[in-house]
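The values are calculated or read from the model by the stated rules, or taken from the named source; none is laboratory data. All figures in this text were calculated on a predicted structure; none of them were measured in a lab. As a convention, Cβ positions derive from the backbone with ideal geometry for all residues, glycine included, and neighbour counts pool all protein chains shown. Just the protein is used for accessible areas: all its heavy atoms, side chains included, with ligands, DNA and RNA removed. Shrake-Rupley method; radii C 1.70, N 1.55, O 1.52, S 1.80 Å.
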Number of protein chains: 2
Amino acid sequence: MKTYDRIRVAVVEDDEVLREAMVEALEPDPALKVVGAFADAEAFNAAVHERPPTVVVMDLNLPGMSGIECTRRLKLHWPQVQVLVCTVQDDDDSLFNALCAGATGYLLKDARPAQVVEAVKTIASGGSPMSAGIARRVLASFNAPRKAAKEIDLLSQRERQVLEELARGLRYKEIADTLNLSIDTVRTHVRNLYDKLQVGSRTDALNKLYPR
Amino acid sequence: MKTYDRIRVAVVEDDEVLREAMVEALEPDPALKVVGAFADAEAFNAAVHERPPTVVVMDLNLPGMSGIECTRRLKLHWPQVQVLVCTVQDDDDSLFNALCAGATGYLLKDARPAQVVEAVKTIASGGSPMSAGIARRVLASFNAPRKAAKEIDLLSQRERQVLEELARGLRYKEIADTLNLSIDTVRTHVRNLYDKLQVGSRTDALNKLYPR
DNA sequence: ATCTACCGCCCCCGAACGTTCGGCCGGACC
DNA sequence: GGTCCGGCCGAACGTTCGGGGGCGGTAGAT
(Lines give C-alpha, C1' and ligand atoms only; values in the text may rest on other atoms or scores of the structure.)
Protein backbone atom coordinates (compact mmCIF):
# COMPACT_ATOMS: atom_id res chain seq x y z
CA MET A 1 0.00 0.00 0.00
CA LYS A 2 1.24 3.40 -1.01
CA THR A 3 2.06 5.79 1.78
CA TYR A 4 0.09 9.00 1.97
CA ASP A 5 1.80 11.88 0.15
CA ARG A 6 2.51 14.41 2.83
CA ILE A 7 2.59 18.11 2.10
CA ARG A 8 6.20 19.23 1.97
CA VAL A 9 6.55 22.40 4.03
CA ALA A 10 9.47 24.78 4.43
CA VAL A 11 9.69 27.56 7.00
CA VAL A 12 11.60 30.82 6.52
CA GLU A 13 11.64 32.77 9.76
CA ASP A 14 14.51 34.61 11.37
CA ASP A 15 13.27 34.45 14.96
CA GLU A 16 14.55 31.17 16.30
CA VAL A 17 11.87 30.77 18.90
CA LEU A 18 9.08 31.34 16.45
CA ARG A 19 10.72 29.13 13.86
CA GLU A 20 11.05 26.27 16.28
CA ALA A 21 7.51 26.75 17.49
CA MET A 22 6.32 26.71 13.90
CA VAL A 23 8.13 23.48 13.17
CA GLU A 24 6.86 21.90 16.36
CA ALA A 25 3.32 22.77 15.36
CA LEU A 26 3.65 21.52 11.80
CA GLU A 27 5.76 18.41 12.18
CA PRO A 28 3.44 16.26 14.31
CA ASP A 29 0.61 16.56 11.80
CA PRO A 30 0.41 13.37 9.77
CA ALA A 31 -0.54 15.31 6.64
CA LEU A 32 2.58 17.48 6.72
CA LYS A 33 6.30 17.00 6.45
CA VAL A 34 8.68 19.83 7.32
CA VAL A 35 11.50 19.62 4.79
CA GLY A 36 13.42 22.65 5.93
CA ALA A 37 13.55 25.55 8.36
CA PHE A 38 15.68 28.57 7.51
CA ALA A 39 16.68 31.73 9.32
CA ASP A 40 16.98 33.86 6.19
CA ALA A 41 16.16 34.03 2.50
CA GLU A 42 19.71 33.24 1.42
CA ALA A 43 19.81 29.95 3.29
CA PHE A 44 16.43 29.05 1.85
CA ASN A 45 17.49 29.93 -1.68
CA ALA A 46 20.57 27.78 -1.40
CA ALA A 47 18.52 24.78 -0.29
CA VAL A 48 15.51 25.12 -2.53
CA HIS A 49 17.45 24.29 -5.66
CA GLU A 50 17.52 20.65 -4.74
CA ARG A 51 13.86 19.93 -4.37
CA PRO A 52 11.27 22.65 -3.82
CA PRO A 53 8.66 22.18 -1.11
CA THR A 54 4.94 22.35 -1.77
CA VAL A 55 4.33 25.19 0.64
CA VAL A 56 6.65 27.81 2.10
CA VAL A 57 5.70 29.58 5.30
CA MET A 58 7.42 32.91 4.80
CA ASP A 59 8.23 35.69 7.20
CA LEU A 60 8.53 39.13 5.61
CA ASN A 61 10.90 40.94 7.92
CA LEU A 62 14.10 39.03 7.33
CA PRO A 63 17.72 40.07 7.64
CA GLY A 64 19.23 40.55 4.19
CA MET A 65 16.81 39.76 1.38
CA SER A 66 13.22 40.50 2.35
CA GLY A 67 10.56 37.87 2.34
CA ILE A 68 8.82 39.72 -0.47
CA GLU A 69 11.86 39.65 -2.71
CA CYS A 70 12.44 36.05 -1.75
CA THR A 71 8.88 35.22 -2.73
CA ARG A 72 9.27 36.99 -6.05
CA ARG A 73 12.37 35.03 -6.97
CA LEU A 74 10.91 31.79 -5.77
CA LYS A 75 7.76 32.16 -7.86
CA LEU A 76 9.88 33.11 -10.84
CA HIS A 77 11.52 29.70 -10.92
CA TRP A 78 8.91 27.53 -9.23
CA PRO A 79 5.50 29.08 -9.87
CA GLN A 80 3.76 26.04 -8.48
CA VAL A 81 5.19 26.50 -4.99
CA GLN A 82 2.65 28.13 -2.69
CA VAL A 83 3.84 30.88 -0.39
CA LEU A 84 2.04 31.45 2.86
CA VAL A 85 3.14 34.73 4.36
CA CYS A 86 3.20 34.78 8.14
CA THR A 87 4.24 38.13 9.53
CA VAL A 88 3.62 40.91 11.98
CA GLN A 89 3.49 43.43 9.15
CA ASP A 90 -0.12 44.39 8.65
CA ASP A 91 0.36 47.52 6.56
CA ASP A 92 -1.04 47.76 3.05
CA ASP A 93 2.37 48.06 1.44
CA SER A 94 3.64 44.79 2.84
CA LEU A 95 0.37 43.07 2.07
CA PHE A 96 -0.05 44.08 -1.54
CA ASN A 97 3.61 43.87 -2.41
CA ALA A 98 3.62 40.34 -1.07
CA LEU A 99 0.55 39.45 -3.08
CA CYS A 100 2.01 40.98 -6.22
CA ALA A 101 5.17 38.99 -5.58
CA GLY A 102 3.08 35.85 -5.73
CA ALA A 103 2.01 35.00 -2.20
CA THR A 104 -1.25 33.06 -2.06
CA GLY A 105 -1.87 33.29 1.65
CA TYR A 106 -1.34 35.90 4.34
CA LEU A 107 -1.48 35.29 8.05
CA LEU A 108 -0.67 37.70 10.81
CA LYS A 109 1.58 36.52 13.59
CA ASP A 110 -1.25 36.56 16.08
CA ALA A 111 -2.50 33.37 14.43
CA ARG A 112 -2.46 30.38 16.73
CA PRO A 113 -0.26 27.41 15.72
CA ALA A 114 -3.30 25.33 14.91
CA GLN A 115 -4.44 28.04 12.53
CA VAL A 116 -1.09 28.00 10.75
CA VAL A 117 -1.32 24.25 10.31
CA GLU A 118 -4.85 24.63 8.99
CA ALA A 119 -3.71 27.39 6.62
CA VAL A 120 -0.96 25.25 5.19
CA LYS A 121 -3.46 22.53 4.40
CA THR A 122 -5.85 25.05 2.92
CA ILE A 123 -3.23 26.59 0.67
CA ALA A 124 -2.07 23.18 -0.48
CA SER A 125 -5.59 22.24 -1.48
CA GLY A 126 -6.17 25.28 -3.65
CA GLY A 127 -7.46 27.78 -1.13
CA SER A 128 -5.99 31.04 0.07
CA PRO A 129 -6.03 31.48 3.82
CA MET A 130 -6.00 35.01 5.17
CA SER A 131 -6.45 36.59 8.55
CA ALA A 132 -9.87 38.17 8.82
CA GLY A 133 -8.83 41.80 8.56
CA ILE A 134 -6.45 40.97 5.73
CA ALA A 135 -9.16 39.45 3.58
CA ARG A 136 -11.31 42.48 4.13
CA ARG A 137 -8.56 44.83 3.03
CA VAL A 138 -7.89 42.75 -0.04
CA LEU A 139 -11.50 42.85 -1.12
CA ALA A 140 -11.83 46.49 -0.22
CA SER A 141 -8.96 47.26 -2.57
CA PHE A 142 -11.20 46.38 -5.49
CA ASN A 143 -13.79 49.04 -4.98
CA ALA A 144 -11.42 51.48 -3.31
CA PRO A 145 -10.19 52.81 -6.67
CA ARG A 146 -13.50 54.64 -6.82
CA LYS A 147 -11.64 57.60 -5.42
CA ALA A 148 -9.37 57.57 -8.43
CA ALA A 149 -11.11 60.39 -10.22
CA LYS A 150 -13.67 62.61 -8.65
CA GLU A 151 -13.67 65.34 -11.24
CA ILE A 152 -14.91 62.84 -13.78
CA ASP A 153 -18.52 63.45 -12.94
CA LEU A 154 -18.07 67.09 -13.76
CA LEU A 155 -17.80 66.00 -17.37
CA SER A 156 -20.76 66.09 -19.70
CA GLN A 157 -21.79 62.99 -21.61
CA ARG A 158 -20.13 64.19 -24.79
CA GLU A 159 -16.93 65.04 -23.02
CA ARG A 160 -16.82 61.59 -21.51
CA GLN A 161 -17.14 60.04 -24.95
CA VAL A 162 -14.36 62.20 -26.28
CA LEU A 163 -12.22 61.34 -23.29
CA GLU A 164 -12.83 57.67 -23.93
CA GLU A 165 -11.51 57.84 -27.47
CA LEU A 166 -8.76 60.17 -26.36
CA ALA A 167 -7.62 57.57 -23.87
CA ARG A 168 -7.44 54.97 -26.61
CA GLY A 169 -4.86 57.07 -28.37
CA LEU A 170 -7.00 58.23 -31.28
CA ARG A 171 -6.08 61.50 -32.96
CA TYR A 172 -8.50 64.38 -33.04
CA LYS A 173 -9.36 63.63 -36.65
CA GLU A 174 -10.14 60.02 -35.87
CA ILE A 175 -12.24 60.95 -32.88
CA ALA A 176 -14.12 63.40 -35.06
CA ASP A 177 -14.82 60.62 -37.55
CA THR A 178 -15.98 57.99 -35.07
CA LEU A 179 -18.22 60.48 -33.31
CA ASN A 180 -19.34 62.27 -36.48
CA LEU A 181 -18.03 65.62 -35.39
CA SER A 182 -15.80 68.33 -36.73
CA ILE A 183 -12.18 68.38 -35.65
CA ASP A 184 -12.70 71.77 -34.12
CA THR A 185 -15.58 70.50 -32.05
CA VAL A 186 -13.43 67.70 -30.74
CA ARG A 187 -10.82 70.26 -29.98
CA THR A 188 -13.32 72.28 -27.99
CA HIS A 189 -14.47 69.29 -25.97
CA VAL A 190 -10.90 68.30 -25.25
CA ARG A 191 -10.14 71.80 -24.10
CA ASN A 192 -13.15 71.87 -21.82
CA LEU A 193 -12.58 68.47 -20.30
CA TYR A 194 -8.93 69.26 -19.77
CA ASP A 195 -9.64 72.19 -17.55
CA LYS A 196 -12.38 70.33 -15.74
CA LEU A 197 -9.83 67.63 -14.97
CA GLN A 198 -7.21 70.27 -14.37
CA VAL A 199 -4.69 68.65 -16.67
CA GLY A 200 -2.73 69.90 -19.61
CA SER A 201 -2.27 66.89 -21.81
CA ARG A 202 -3.64 63.57 -22.89
CA THR A 203 -1.13 61.67 -20.80
CA ASP A 204 -1.85 63.77 -17.72
CA ALA A 205 -5.51 62.92 -18.08
CA LEU A 206 -4.74 59.21 -18.30
CA ASN A 207 -2.48 59.30 -15.28
CA LYS A 208 -5.12 61.17 -13.36
CA LEU A 209 -7.95 58.83 -14.28
CA TYR A 210 -6.11 55.52 -14.20
CA PRO A 211 -3.24 55.87 -11.74
CA ARG A 212 -0.96 52.91 -11.46
CA MET B 1 -30.39 44.09 31.33
CA LYS B 2 -29.91 45.09 27.73
CA THR B 3 -30.69 42.44 25.15
CA TYR B 4 -27.84 41.33 22.92
CA ASP B 5 -27.67 43.30 19.67
CA ARG B 6 -28.32 40.77 16.99
CA ILE B 7 -26.85 41.09 13.50
CA ARG B 8 -29.60 42.31 11.19
CA VAL B 9 -29.55 40.16 8.05
CA ALA B 10 -31.46 40.51 4.79
CA VAL B 11 -31.63 37.89 2.05
CA VAL B 12 -32.03 38.62 -1.65
CA GLU B 13 -32.56 35.39 -3.56
CA ASP B 14 -35.04 34.65 -6.32
CA ASP B 15 -35.27 30.91 -5.79
CA GLU B 16 -37.98 30.45 -3.18
CA VAL B 17 -36.69 27.15 -1.92
CA LEU B 18 -33.17 28.44 -1.43
CA ARG B 19 -34.43 31.64 0.10
CA GLU B 20 -36.53 29.81 2.63
CA ALA B 21 -33.70 27.44 3.39
CA MET B 22 -31.40 30.39 3.90
CA VAL B 23 -33.82 32.03 6.31
CA GLU B 24 -34.36 28.80 8.19
CA ALA B 25 -30.64 28.43 8.62
CA LEU B 26 -30.07 32.01 9.76
CA GLU B 27 -33.10 32.69 11.91
CA PRO B 28 -32.55 30.15 14.69
CA ASP B 29 -29.09 31.51 15.44
CA PRO B 30 -29.25 33.68 18.52
CA ALA B 31 -26.68 36.10 17.13
CA LEU B 32 -28.69 36.83 14.01
CA LYS B 33 -32.01 38.39 13.13
CA VAL B 34 -33.46 38.07 9.63
CA VAL B 35 -35.09 41.39 8.90
CA GLY B 36 -36.16 40.67 5.37
CA ALA B 37 -36.15 38.12 2.55
CA PHE B 38 -36.70 39.32 -0.99
CA ALA B 39 -37.16 37.62 -4.34
CA ASP B 40 -35.61 40.42 -6.38
CA ALA B 41 -33.52 43.58 -6.17
CA GLU B 42 -36.50 45.87 -6.67
CA ALA B 43 -38.35 44.52 -3.64
CA PHE B 44 -35.19 44.81 -1.60
CA ASN B 45 -34.56 48.37 -2.73
CA ALA B 46 -38.07 49.39 -1.78
CA ALA B 47 -37.70 47.99 1.71
CA VAL B 48 -34.14 49.01 2.48
CA HIS B 49 -35.01 52.69 2.65
CA GLU B 50 -36.61 52.25 6.04
CA ARG B 51 -33.78 50.75 7.98
CA PRO B 52 -30.82 49.06 6.31
CA PRO B 53 -29.65 45.69 7.60
CA THR B 54 -26.11 45.03 8.76
CA VAL B 55 -25.48 42.27 6.27
CA VAL B 56 -27.15 41.40 2.99
CA VAL B 57 -26.85 37.91 1.60
CA MET B 58 -27.07 38.59 -2.12
CA ASP B 59 -27.69 36.32 -5.06
CA LEU B 60 -26.25 37.54 -8.35
CA ASN B 61 -28.52 35.98 -10.91
CA LEU B 62 -31.75 37.82 -10.22
CA PRO B 63 -34.69 38.63 -12.47
CA GLY B 64 -34.60 42.33 -13.38
CA MET B 65 -31.78 44.21 -11.76
CA SER B 66 -28.74 42.02 -11.22
CA GLY B 67 -27.28 41.42 -7.81
CA ILE B 68 -24.14 43.26 -8.88
CA GLU B 69 -26.02 46.38 -9.85
CA CYS B 70 -28.08 46.09 -6.69
CA THR B 71 -24.89 45.89 -4.65
CA ARG B 72 -23.44 48.92 -6.39
CA ARG B 73 -26.49 51.04 -5.62
CA LEU B 74 -26.74 49.78 -2.11
CA LYS B 75 -23.12 50.62 -1.31
CA LEU B 76 -23.60 54.01 -2.90
CA HIS B 77 -26.13 55.01 -0.28
CA TRP B 78 -25.18 52.78 2.65
CA PRO B 79 -21.48 52.06 2.43
CA GLN B 80 -21.48 50.52 5.87
CA VAL B 81 -23.81 47.69 4.85
CA GLN B 82 -21.86 44.50 4.17
CA VAL B 83 -22.79 42.46 1.14
CA LEU B 84 -22.16 38.74 1.17
CA VAL B 85 -22.55 37.36 -2.33
CA CYS B 86 -23.91 33.84 -2.45
CA THR B 87 -24.21 32.54 -5.99
CA VAL B 88 -23.61 29.73 -8.43
CA GLN B 89 -21.65 32.09 -10.69
CA ASP B 90 -18.00 31.21 -10.31
CA ASP B 91 -16.63 32.99 -13.37
CA ASP B 92 -14.07 35.76 -13.04
CA ASP B 93 -16.38 38.40 -14.50
CA SER B 94 -19.08 37.88 -11.90
CA LEU B 95 -16.54 37.67 -9.13
CA PHE B 96 -14.55 40.79 -9.86
CA ASN B 97 -17.51 42.86 -10.92
CA ALA B 98 -19.18 41.98 -7.64
CA LEU B 99 -16.07 42.94 -5.70
CA CYS B 100 -15.73 46.20 -7.58
CA ALA B 101 -19.38 46.87 -6.83
CA GLY B 102 -18.54 46.65 -3.16
CA ALA B 103 -19.17 43.07 -2.06
CA THR B 104 -17.01 42.05 0.90
CA GLY B 105 -17.71 38.35 0.84
CA TYR B 106 -18.24 35.74 -1.87
CA LEU B 107 -19.64 32.28 -1.30
CA LEU B 108 -20.51 29.71 -3.91
CA LYS B 109 -23.86 28.00 -3.62
CA ASP B 110 -22.24 24.73 -2.70
CA ALA B 111 -21.64 26.20 0.75
CA ARG B 112 -23.47 24.38 3.50
CA PRO B 113 -26.07 26.38 5.50
CA ALA B 114 -23.82 26.34 8.54
CA GLN B 115 -21.06 27.91 6.46
CA VAL B 116 -23.38 30.69 5.35
CA VAL B 117 -24.28 31.43 8.94
CA GLU B 118 -20.61 31.43 9.84
CA ALA B 119 -19.83 33.72 6.92
CA VAL B 120 -22.46 36.22 7.99
CA LYS B 121 -20.90 36.41 11.43
CA THR B 122 -17.43 36.71 9.93
CA ILE B 123 -18.41 39.52 7.60
CA ALA B 124 -20.18 41.35 10.42
CA SER B 125 -17.07 41.21 12.54
CA GLY B 126 -14.77 42.72 9.93
CA GLY B 127 -13.68 39.68 7.99
CA SER B 128 -14.29 38.68 4.41
CA PRO B 129 -15.45 35.12 3.94
CA MET B 130 -14.76 33.49 0.61
CA SER B 131 -15.03 30.00 -0.79
CA ALA B 132 -11.57 28.43 -1.10
CA GLY B 133 -11.20 28.65 -4.85
CA ILE B 134 -12.56 32.18 -4.84
CA ALA B 135 -9.93 33.44 -2.45
CA ARG B 136 -7.23 31.88 -4.55
CA ARG B 137 -8.48 33.56 -7.70
CA VAL B 138 -8.66 36.89 -5.92
CA LEU B 139 -5.08 36.69 -4.73
CA ALA B 140 -3.91 35.33 -8.06
CA SER B 141 -5.31 38.42 -9.73
CA PHE B 142 -2.60 40.47 -8.10
CA ASN B 143 0.40 38.90 -9.69
CA ALA B 144 -1.39 37.88 -12.89
CA PRO B 145 -0.58 41.14 -14.70
CA ARG B 146 2.89 39.74 -15.39
CA LYS B 147 1.98 39.44 -19.04
CA ALA B 148 1.81 43.20 -19.39
CA ALA B 149 4.42 43.80 -22.04
CA LYS B 150 6.73 41.49 -23.89
CA GLU B 151 8.52 43.85 -26.25
CA ILE B 152 9.74 45.88 -23.31
CA ASP B 153 12.93 43.91 -22.94
CA LEU B 154 13.88 44.83 -26.47
CA LEU B 155 14.46 48.35 -25.21
CA SER B 156 17.89 49.63 -24.31
CA GLN B 157 18.56 51.10 -20.89
CA ARG B 158 18.33 54.65 -22.14
CA GLU B 159 15.11 53.98 -23.97
CA ARG B 160 13.57 52.53 -20.85
CA GLN B 161 14.45 55.65 -18.90
CA VAL B 162 12.93 57.84 -21.58
CA LEU B 163 9.84 55.66 -21.67
CA GLU B 164 9.50 55.98 -17.93
CA GLU B 165 9.40 59.76 -18.04
CA LEU B 166 7.29 59.65 -21.16
CA ALA B 167 4.67 57.62 -19.31
CA ARG B 168 4.57 60.17 -16.53
CA GLY B 169 3.43 62.76 -19.01
CA LEU B 170 6.62 64.81 -19.12
CA ARG B 171 7.31 66.82 -22.24
CA TYR B 172 10.37 66.15 -24.36
CA LYS B 173 12.04 69.25 -22.99
CA GLU B 174 11.47 68.13 -19.42
CA ILE B 175 12.75 64.65 -20.17
CA ALA B 176 15.81 66.16 -21.75
CA ASP B 177 16.44 68.20 -18.62
CA THR B 178 16.00 65.38 -16.10
CA LEU B 179 18.21 63.07 -18.18
CA ASN B 180 20.69 65.76 -19.21
CA LEU B 181 20.09 65.32 -22.92
CA SER B 182 19.19 67.41 -25.89
CA ILE B 183 15.54 67.58 -26.89
CA ASP B 184 16.43 66.11 -30.21
CA THR B 185 18.16 63.18 -28.64
CA VAL B 186 15.06 62.48 -26.62
CA ARG B 187 13.13 62.56 -29.87
CA THR B 188 15.39 59.92 -31.36
CA HIS B 189 15.04 57.63 -28.38
CA VAL B 190 11.31 58.05 -28.47
CA ARG B 191 11.30 57.23 -32.14
CA ASN B 192 13.34 54.08 -31.61
CA LEU B 193 11.35 52.80 -28.70
CA TYR B 194 8.17 53.51 -30.61
CA ASP B 195 9.02 51.15 -33.39
CA LYS B 196 10.32 48.57 -31.01
CA LEU B 197 6.97 48.69 -29.28
CA GLN B 198 5.25 49.00 -32.63
CA VAL B 199 3.25 52.04 -31.62
CA GLY B 200 2.92 55.49 -33.07
CA SER B 201 2.24 57.72 -30.11
CA ARG B 202 2.73 58.22 -26.43
CA THR B 203 -0.77 57.11 -25.62
CA ASP B 204 -0.43 53.98 -27.76
CA ALA B 205 2.67 53.08 -25.80
CA LEU B 206 0.89 53.52 -22.49
CA ASN B 207 -2.05 51.44 -23.58
CA LYS B 208 0.30 48.73 -24.75
CA LEU B 209 2.33 48.66 -21.56
CA TYR B 210 -0.42 49.17 -19.03
CA PRO B 211 -3.61 47.81 -20.55
CA ARG B 212 -6.74 48.38 -18.55
C1' DA C 1 -37.55 86.22 -20.40
C1' DT C 2 -33.08 85.86 -18.78
C1' DC C 3 -29.49 83.03 -17.34
C1' DT C 4 -26.80 79.03 -17.58
C1' DA C 5 -24.98 74.66 -19.41
C1' DC C 6 -24.14 71.79 -23.12
C1' DC C 7 -23.31 71.05 -27.84
C1' DG C 8 -21.43 72.03 -32.42
C1' DC C 9 -18.67 74.73 -35.49
C1' DC C 10 -15.08 78.13 -37.02
C1' DC C 11 -10.41 80.86 -36.98
C1' DC C 12 -5.67 81.53 -35.29
C1' DC C 13 -1.05 80.54 -33.09
C1' DG C 14 2.74 78.82 -30.60
C1' DA C 15 4.49 74.83 -28.70
C1' DA C 16 4.93 70.00 -28.59
C1' DC C 17 5.09 65.91 -31.20
C1' DG C 18 6.31 62.34 -34.75
C1' DT C 19 9.30 61.52 -38.63
C1' DT C 20 13.20 61.76 -41.69
C1' DC C 21 17.83 62.37 -42.25
C1' DG C 22 22.65 62.35 -40.71
C1' DG C 23 26.95 61.62 -37.67
C1' DC C 24 29.74 59.34 -33.94
C1' DC C 25 31.43 55.47 -31.49
C1' DG C 26 32.32 50.70 -29.94
C1' DG C 27 31.83 45.85 -30.56
C1' DA C 28 31.07 41.82 -33.55
C1' DC C 29 31.92 39.35 -37.50
C1' DC C 30 34.06 38.04 -41.94
C1' DG D 1 41.88 45.66 -42.78
C1' DG D 2 36.65 46.28 -43.77
C1' DT D 3 31.93 46.11 -42.73
C1' DC D 4 27.85 45.59 -40.42
C1' DC D 5 25.06 46.62 -36.40
C1' DG D 6 23.30 48.83 -32.28
C1' DG D 7 23.21 52.44 -28.93
C1' DC D 8 23.61 57.21 -28.59
C1' DC D 9 23.36 61.98 -30.10
C1' DG D 10 21.83 65.91 -33.08
C1' DA D 11 19.42 69.23 -36.96
C1' DA D 12 15.58 70.21 -39.76
C1' DC D 13 10.60 69.67 -41.13
C1' DG D 14 5.78 68.96 -41.37
C1' DT D 15 1.88 67.70 -38.47
C1' DT D 16 -0.72 67.43 -34.36
C1' DC D 17 -1.92 69.24 -30.04
C1' DG D 18 -3.14 72.60 -26.45
C1' DG D 19 -5.19 76.81 -25.72
C1' DG D 20 -7.17 81.30 -27.04
C1' DG D 21 -10.78 83.77 -29.16
C1' DG D 22 -15.92 84.01 -31.18
C1' DC D 23 -20.73 82.53 -33.06
C1' DG D 24 -25.17 80.10 -33.12
C1' DG D 25 -28.59 76.79 -31.35
C1' DT D 26 -31.15 73.94 -27.83
C1' DA D 27 -32.80 72.86 -23.37
C1' DG D 28 -33.70 73.68 -18.37
C1' DA D 29 -33.80 76.53 -14.51
C1' DT D 30 -34.55 81.10 -12.13
Please work out the Cα center distance from the range A:156-177 to the range B:1-77, rounded to the nearest Å. 41
How large a share of the accessible area of the range A:153-212, in percent, is made up of carbon and sulfur atoms when the probe is 1.4 Å and the other protein chains stay in place? 46
Of A:73, B:202, A:191, ordered by accessible area with the largest first and a 1.4 Å probe, the sequence is A:191, A:73, B:202
Cα radius of gyration and Dmax for the protein assembly as shown (Å): 25.8, 80
Aspartates and glutamates with Cα under 15 Å of residue A:121, excluding same-chain neighbours fewer than 8 positions away: A:5, A:27, A:29
Near residue B:69, within a Cβ-to-Cβ distance under 13 Å, what is the net charge of the other residues, with Lys and Arg +1 and Asp and Glu -1? 0
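Nearest 500 deg cm²/dmol is fine: what mean residue ellipticity at 222 nm does the protein assembly as shown get from its DSSP H runs of n ≥ 4 alone, each adding -39,500 (n - 2.57), divided by its residue count?
Rounded to the nearest 500, the figure is -15000 deg cm²/dmol.
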If you split all Cα-Cα distances of the range B:7-143 into 10 Å bins from zero, what percentages do you get per bin, shortest first? 13, 49, 33, 4, 0
Peptide A:203-209, shielding by other chains (average Cβ, 10 Å cutoff): 4
Using heavy-atom solvent-accessible surface (probe 1.4 Å) with all chains present, what is the largest-first order of B:190, A:17? A:17, B:190
Provide an ascending nm list, one decimal, of label-point separations from residue B:42 to the equivalent residue in each further copy; define each label point as 7 Å from Cα along Cα→Cβ. 6.9
Interface B:A - total buried accessible surface [probe 1.4 Å, Å², rounded to 100]: 2700
Expressed in square angstrom to the nearest 10, the accessible area of residue B:118 with a 1.4 Å probe stands at 100
Surrounding charge for residue B:15, neighbours by C-beta under 10 angstrom, Lys/Arg +1, Asp/Glu -1, total -3
Cα extents of the range A:149-209 along the three principal axes, largest first, in whole Å? 29, 19, 15
Portion, in percent, of the accessible area of the range B:7-143 that falls on carbon or sulfur, probe 1.4 Å: 52
Nm distances between copies for residue B:152, ranked from closest, using label points 7 Å along Cα→Cβ: 2.3
Once Lys and Arg get +1 and Asp and Glu get -1 on their Cβ, which of A:161, B:47, A:52 lies farthest toward the positive end of the dipole of the protein assembly as shown? A:161
With Cα springs under 10 Å, the Gaussian network model of chain A assigns the largest mean-square fluctuation among A:62, A:108, A:181 to A:181
For the range A:71-212, averaging the sequence separation of alpha carbon pairs under 8 Å that lie six or more residues apart and dividing by its residue count, the contact order in percent is 17
Accessible area of residue B:130, 1.4 Å probe, to the nearest 10 Å²? 40
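Quick one: dipole size for the range A:149-209, taken about the Cα centre, charges +1 on Lys/Arg Cβ and -1 on Asp/Glu Cβ, in debye to the nearest 20.
80
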Amide proton proximity set for residue B:56, modelled H, under 5 Å, gap of 5+: B:10, B:82, B:83, B:84
For chain A, with a Gaussian network of springs between Cα atoms less than 10 Å apart, report the residue from A:137, A:112, A:171 with the top mean-square fluctuation. A:171
For the range B:1-133, size of Cβ-based charge dipole, Lys and Arg +1, Asp and Glu -1, in debye: 760
To one decimal in nm, how far is residue A:201 from the same spot in the other copies, if labels go 7 Å from Cα toward Cβ? Please give the shortest first. 1.4
Measuring from its Cα centre, the protein assembly as shown shows a charge dipole (+1 at each Lys and Arg Cβ, -1 at each Asp and Glu Cβ) which, in debye to the nearest 20, is 1240
Quick one: ranking B:42, B:69 by accessible area, 1.4 Å probe, largest first, what do you get? B:42, B:69
With a 10 Å cut-off between alpha carbons and a GNM built on chain A, which of A:38, A:96, A:142 moves the most? A:142
Specify whether the C-alpha gyration tensor of the range B:62-207 places it in the rounded, prolate or oblate class, a ≥ b ≥ c being the square roots of the eigenvalues: rounded for a/c under 1.5, otherwise prolate if a/b is larger than b/c and oblate if not. prolate
Accessible area per residue in Å² at 1.4 Å probe, computed on the protein assembly as shown: 51
